[in-house]
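All remarks here apply to the structure that follows.
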Amino acid sequence: MILLADGDRLGIVGTSGVPAEWAATGPTAAGFTVAGLVVRTNRPVIAEDLTTDPRVPHQAPARDLGVRGYAGYPVRDPHGNAVGLLAVMDSRLRLWTADELDAIEDAAQACTAFVAERFARDDVDTQRRFLDTLLQGLQTGVVACDAAGQIVFANEALHQLTGSGPLMRPLEDWSRHSYLVDPQGRPLPPEQVPLFRALSGDRVHDEELLIRSAEGRIRMVTTDAQPITGSHGNRLGAVACVRDITDQRMTERFHEVESAVSDALAHAETVREAGPQVLRAVCAGFDWPHAQLWLADESTGEFCLAAEQHANTDSLAGPVAARTEAIIEAVRKSGKAVRFSEESWTGLAVPASSGDRTPAILVFFVNLLQDPGDVLVAFLCGVAAHVAEFLERRRAEELTVALAQSRDEYLALIDHELRTPLTSISAYIDLLRDSDPGTAADELPDILDVLGRNSTILRNIVEDLLDLAGIDNGHTALAEEPVDLAATVTAAARAAGPAAEDAGVVLDLDVRVDTMVRGDERRLRQVADHLIANAIGHTNGAGRVTLSLTRPAPAVVELTVTDDGLGIPPDDRERVFARFYRTARTREHRLPGVGLGLTISRAIVERHHGTIRFVPCPPPGTRVTVRLPACRA
């Protein structure tokens, strides 16, 4: 019987001629056995009769099994330590001969060779287990193949990169379904797969590639690969290491893109100048082919394309055009970034928000989106926030300039518009004081006319200023009710009929009926009255004033007032909306007014989320348009 030690117990590993019940006893505690004595002392135990041998423990199983003759020799490991024994037993008293003992000793030595081989296998298995545990614990993906190109090992880190797809298959088959792709998302040809190249004898070092997992996730990796050779230089296989560098590269790109965007915004005067540079910086940084910047129309809230950056991407032209409107609408409604995709491309749209306003939206279309996650979306939202900050800064600068101009205008008012009637009133009061009572009585009607006219001018100026201040600062409440703008404009035209007839001016009215807007009917009538009166007043002699009310877009109502009068020079078309500004032509023809009508009209229109501006028209004459949001169905 051959027994080997397993800790403090001995187990049978081989028998000959032993009764079945002996072999069925299982591992036995070595301390109470004859075998344990052999292993413990590392010396043979030879007994003619165990029942009388004082060395044998009384509770030894051999006694119970009826063993009497016993010869046991230690089986040693390569270091000479007893790890088991070979024992020959007899149920009868036995006198052992020298030849028998020599044979038993030789057999034990043969078992020692067997034990050495077993220890070697255990050592190799232990080393393999250590190596497998080490490779499985690495953050770096490792894959190996044998000389035939069969994948024989892939650790957990590589499985995390490739996803749930199979890996253990021939290398050539694996390369045809490679997880490795080029920057355009195309599978890497077999001859370019690093492991395939290493099997052919090449060594690959720090080569950057992309991995697309079975679930479609894209990661950036760097690879090393080398062949595995035997002691005689024969090719045993190849091994490749794959390190995920997505986060590292994305961080580097974030810094580069952020710096380029900040630089573009720092040196631009307007968003239309900065927009292409911002889009170019993002597209170049992430190798994206198409991007757009959309700006909100302040009058309608509709988004218009302000800038576009694109490479030679004919394949994207159709999807971009087809999806843009839906994308913009989704961002506007949610106020959040929106991701969208088709079979061959992916996109992201992010709002450039400022408070509760969204003045701009950035849209990016890409062929291959590298694992966007929340980090990339957050970064793009940061870029959009830079754009929104730029827009608000420019808006604040414009308001600062307007404030300075307003201050100058008020100074001009004090110097001229108020001083002139006040001087006239003061002069006539002095004249009354200095005049003879009889003379003064004769001239009193004319003096009262002058005083009344100048006081009316002052009162109108004060009322217009208070009205303008209330509208500008929001203290004047405006109604928000459905307004039939066609009826309002028609009523204003009828009211202006007598003045037009006296001036020899023909009023033409072209009004659509489906022009409902939401707002304050009285204030919108105030705008219509002023524009019509202004057109009549600036029509020099007989002429024509045309009023047109249309729906140029489903969400827009547009009022256009055209005259063939004095006209406004191009340089004055924006300045006429400033307080108290009057053109040289107006002053030259001594037309009445103090230059507040258009200012008040613009304030009212803007409170209705609309715009008012002068547009070119065939000379002579002037054309002004008012655009207001239409009531949504």
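The values are calculated or read from the model by the stated rules, or taken from the named source; none is laboratory data. Keep in mind it's a predicted model, so treat the numbers as computed, not measured. Don't worry about glycine lacking a Cβ; one is built from the backbone with ideal geometry, like all the others, and counts go over all protein chains shown.
Overview of results
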| read-out | value |
| --- | --- |
| Every residue from the stretch 103-161 that is part of a strand (DSSP E or B) and either among the β-branched types (Val, Ile, Thr) or farther than 18 Å from Ala198 by Cα (or both) | Val142, Val143, Ile151, Val152 |
| Residue satisfying all of: in the stretch 139-157; aliphatic (A, V, I, L, M) and farther than 18 Å from Tyr179 by Cβ; modelled with the highest pLDDT among these | Ala147 |
| Condition broken by Val450, with the remaining ones in (1) modelled with pLDDT of 70 or more; (2) under 25 Å from Val605 (Cβ atoms) satisfied | (2) |
| Answer from Arg40, Arg76 - the residue that is closer than 23 Å to Glu100 by Cβ and among the basic types (Lys, Arg) | Arg76 |
| Selected residue (only one of Asp508, Asp514 is closer than 21 Å to Gly537 by Cα, without any contact (Cβ under 8 Å) to a residue 40 or more places away in the chain and touching a strand residue (DSSP E or B) at 6+ places or on another chain (Cβ under 8 Å)) | Asp508 |
| Those residues of the stretch 604-633 which are aliphatic (A, V, I, L, M) and modelled with pLDDT of 85 or more, in sequence order | Ile604, Val605, Ile612, Val624, Val626, Leu628, Ala630 |
| Positions within the stretch 223-255 being closer than 25 Å to Gln150 by Cβ and among the polar types (S, T, N, Q), in sequence order | Thr223, Gln226, Thr229, Ser231, Asn234 |
| Index of the failed condition, Ile218 passing every other in (1) closer than 22 Å to Ala349 by Cα; (2) in the same structural domain as Cys304 (by TED's automatic domain parsing) | (2) |
| Verdict on Thr562 being at pLDDT 85 or above and β-branched (Val, Ile, Thr) | yes |
| Verdict on Asp99 being at pLDDT 90 or above, on the phi < 0 side of the Ramachandran plot and assigned by TED's automatic domain parsing to the domain that holds Val45 | yes |
| Pick from the stretch 127-152, criterion touching a strand residue (DSSP E or B) at 6+ places or on another chain (Cβ under 6 Å) and more than 17 Å from Arg243 (Cβ to Cβ), ranking: surrounded by the most Cβ atoms within 10 Å (Cβ to Cβ) | Cys145 |
| 2 or more residues under 21 Å from Asp563 (Cβ atoms): qualifying strands (runs of 3 or more DSSP E) within the stretch 477-525 | 505-511 |
| Single match in Gly72, Gly11 (criterion: surrounded by fewer than 19 Cβ atoms within 10 Å (Cβ to Cβ), in contact (Cβ under 8 Å) with a residue 12 or more places away in the chain and either assigned by TED's automatic domain parsing to the domain that holds Ile104 or in a loop (DSSP other than H, G, I, E, B) (or both)) | Gly11 |
| Any hit, the stretch 259-272, residues being in a loop (DSSP other than H, G, I, E, B), in contact with a strand residue (DSSP E or B) (Cβ under 9 Å, 6 or more places away or on another chain) and hydroxyl-bearing (Ser, Thr, Tyr) | no |
